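Chemist: So that we are looking at the same thing, I have put the structure below in structure tokens.
The values are calculated or read from the model by the stated rules, or taken from the named source; none is laboratory data. Given the structure is predicted, the values throughout are model-derived calculations rather than measurements. So basically every Cβ, Gly included, is an ideal-geometry build from the backbone, and we count neighbours across all protein chains shown. Just the protein is used for accessible areas: all its heavy atoms, side chains included, with ligands, DNA and RNA removed. Shrake-Rupley method; radii C 1.70, N 1.55, O 1.52, S 1.80 Å.
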Amino acid sequence: MTGTNHSTGGFRRITRRSSPVQVRLFGFVLLVVCGTVTLFWLTRTTWSQLDRLQREHAAVKGESFYLGVHLRGAVRSLNDKLLQFGVTHDPEMLNAFLQESAELKGWISTNRAHLAQMVNLQLLRTFEISGQLQLLSQAEMRYERYLTNAAAILASGKKNGGHESFEAVYKQVREASSPLFPVCDELVMAQRQGFSEFLGETQSTLVSHQRLLQTTSALILGLALALSIQVYRGMIAPLRVGLSESKSIIERQEKLASLGILASGVAHEIRNPLTAIKIRLFSLKKCVPALAQNEDATVIGNEINRLEGIVKDFLQFARPSEPRLTRIPAAQIVREVHRLLQPQLERSAIALKLEATNGGLVYADAQQLKQVLINLVQNSAENIGRNGTVSLRVRRETAELNGRQRPAVIMVVEDTGKGIPREVEMRLFDPFFTTKEGGTGLGLAISSRIVEKHGGVLRYETQLNQGTTFEIVVPEVEDDATEHSVN
């Protein structure tokens, strides 16, 4: 079923649905919430990965990847000092060996604890830290045995008084340190592999961050675009429509003003001659009684009356009288129209129903609104022909009047007729357009002007072979304490 809202500015298509402003607002809020949640998730994910990458970089910077190399170099340095002392018995070499061995022991213990902490924190989880921890613990145990063997070498050197050969001392030192070097090599290999994995994950993380930033940028751009569309649809587009409607209103008012000037000339140039003809015809009928039964005289009289009706409608459309507004129940107007037209419609087997509905108070000219309702009911009856139903009812709801939502009273005329064809619907409110033989085409145009004078709108819905509904929407007197019903 199609709907049209007729106003001073012309025609505007409407559909029966919830407020489009509320729907657009809900959709925009939902879009903003979803976008905000997505942005929060992207930001949190990015910062989490950056924090982990920073800690892993700190671990690399803290030489966590160089344990094997450092340990192997430190053991070789200790071997050199131990060999020099065994050959020369230099006290400085002994003191240097004891100091470096103690420092290396503390270094191993510190780094083992550091690796254990990284395992607990799951830091550098892809680098098999637990395996490196096991190797370092194994190296620590072998280093303890190395220190034990080194102490034996030192004691032997003191006992022999420096009579051992270089080859013998070198052999003892090599045998003492040989278990440490394979562990150092394994630790070096494990850390090289870990470093390669670290570089690979770093590259993967950077690519992931790049994609997240691209997604975030696209999302921000989408939100900005959606906001621009909503601003345009919510503010700019209505302003453009309002300007267009205002321009149409001004153009129509100018046309109506010109029509009013033309109407004055029509009233003077046509009504006076018609009045003279009508008087002369009356005089002839009085002087010649046989003319009262003459067919030609009857046709002339009927045509004179029809011309007077056309001129009257024309003047009423061009210069409608101002309504004399009084506070009146809308239901009362509908009841009077029902009582007036029900006998007439019954002769065509058309039921005029008055449905029990709640009405409200309106400021209106009762005679003018009755004229509109009578015109609508008669149009419905003509559309039905015979054997149908026309329903009258009144309801109260919030409607858009004069650009704002406000309480309104709606007087409804609904029929079960043939509906309005599309080609007729496009010109339904055009002055002088009619599909009825002998019609003036001003009935709906005048009705629309009257409703506009009451601050309301005349709208309709129609569907072929199912019927048409016209609604007179006028402002309600905002008095909630009083309610009226149609009985």
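Chemist: Which of the following residues is over 60 Å from the mean Cα position of the chain (by Cα), at pLDDT 90 or above, within 15 Å of Tyr143 (Cβ to Cβ) and open to solvent by less than 90 Å² (accessible area, probe 1.4 Å): Gly68, Gly106?
Modeler: Gly106
Quick grid of which residues meet (1) within 30 Å of Phe97 (Cα to Cα); (2) assigned to a helix (DSSP H, G or I); (3) of a type in the set (D, E, K, R):
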| position | (1), (2), (3) |
| --- | --- |
| Lys171 | yes, yes, yes |
| Glu175 | yes, yes, yes |
| Val188 | yes, yes, no |
| Thr202 | no, yes, no |
| Thr205 | no, yes, no |
| Ser208 | no, yes, no |
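Chemist: Give me the pairs: first residue in region 109-135 and modelled with pLDDT under 75, second residue part of a helix (DSSP H, G or I) and of a type in the set (Lys, Arg), beta-carbon distance under 7 Å, and six or more apart or on different chains, which are they?
Modeler: Taking only residues 6 or more apart or on different chains, the pairs are Leu123/Arg55.
Chemist: Provide a single number: the residues in region 357-396 that are open to solvent by less than 30 Å² (accessible area, probe 1.4 Å) and of a type in the set (Asp, Glu).
Modeler: Going through region 357-396 one residue at a time, the tally reaches 1.
Results for (1) closer than 19 Å to Pro323 by Cα; (2) of a type in the set (Gly, Ala, Ser); (3) at pLDDT below 90, shown as yes or no for each residue.
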{"position": "Lys353", "(1), (2), (3)": "no, no, no"}
{"position": "Ala356", "(1), (2), (3)": "no, yes, yes"}
{"position": "Val377", "(1), (2), (3)": "no, no, no"}
{"position": "Ile420", "(1), (2), (3)": "no, no, yes"}
{"position": "Leu428", "(1), (2), (3)": "no, no, yes"}
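Chemist: Sticking with this structure for a sec: Hey, can you tell me all the residues within region 89-103 that are of a type in the set (Asp, Glu) and either part of a helix (DSSP H, G or I) or within 60 Å of the chain's Cα centre (by Cα) (or both)?
Modeler: Pass one, region 89-103, residues of a type in the set (Asp, Glu): 90, 92, 100, 103.
Hits for region 89-103 are Glu92, Glu100, Glu103.
Chemist: Only one of Leu206, Leu180, Leu213, Leu187 is touching a residue at least 60 places away in the same chain (Cβ under 8 Å) and closer than 21 Å to Arg44 by Cα; which? Break it down into steps so the answer makes sense when it comes.
Modeler: Values: Leu206 fails: touching a residue at least 60 places away in the same chain (Cβ under 8 Å); Leu180 fails: closer than 21 Å to Arg44 by Cα; Leu187 fails: closer than 21 Å to Arg44 by Cα.
Checking each option against the conditions leaves just Leu213.
Chemist: Let me ask another. If you check every pair at least six apart or on different chains, which have Cβ atoms under 7 Å apart with a residue in region 294-305 that is over 16 Å from Pro273 (Cα atoms) first and a residue that is surrounded by 12 or more Cβ atoms within 10 Å (Cβ to Cβ) second?
Modeler: Ala297/Leu281; Ala297/Lys285; Ala297/Leu291
Chemist: Does Gln405 qualify as being out of contact with any helix residue (DSSP H, G or I) (no Cβ under 7 Å at 6 or more places or on another chain) and either within 30 Å of Leu243 (Cα to Cα) or open to solvent by 70 Å² or more (accessible area, probe 1.4 Å) (or both)? Working first, answer last.
Modeler: Numbers: out of contact with any helix residue (DSSP H, G or I) (no Cβ under 7 Å at 6 or more places or on another chain): yes; either within 30 Å of Leu243 (Cα to Cα) or open to solvent by 70 Å² or more (accessible area, probe 1.4 Å) (or both): yes.
For Gln405, the condition - out of contact with any helix residue (DSSP H, G or I) (no Cβ under 7 Å at 6 or more places or on another chain) and either within 30 Å of Leu243 (Cα to Cα) or open to solvent by 70 Å² or more (accessible area, probe 1.4 Å) (or both) - is met.
Chemist: Looking at Arg427, is it under 21 Å from Leu354 (Cβ atoms), open to solvent by 20 Å² or more (accessible area, probe 1.4 Å) and either of a type in the set (Ser, Thr, Tyr) or over 34 Å from the mean Cα position of the chain (by Cα) (or both)? Full working, then the answer.
Modeler: Working: under 21 Å from Leu354 (Cβ atoms): no; open to solvent by 20 Å² or more (accessible area, probe 1.4 Å): yes; either of a type in the set (Ser, Thr, Tyr) or over 34 Å from the mean Cα position of the chain (by Cα) (or both): yes.
No, not satisfied.
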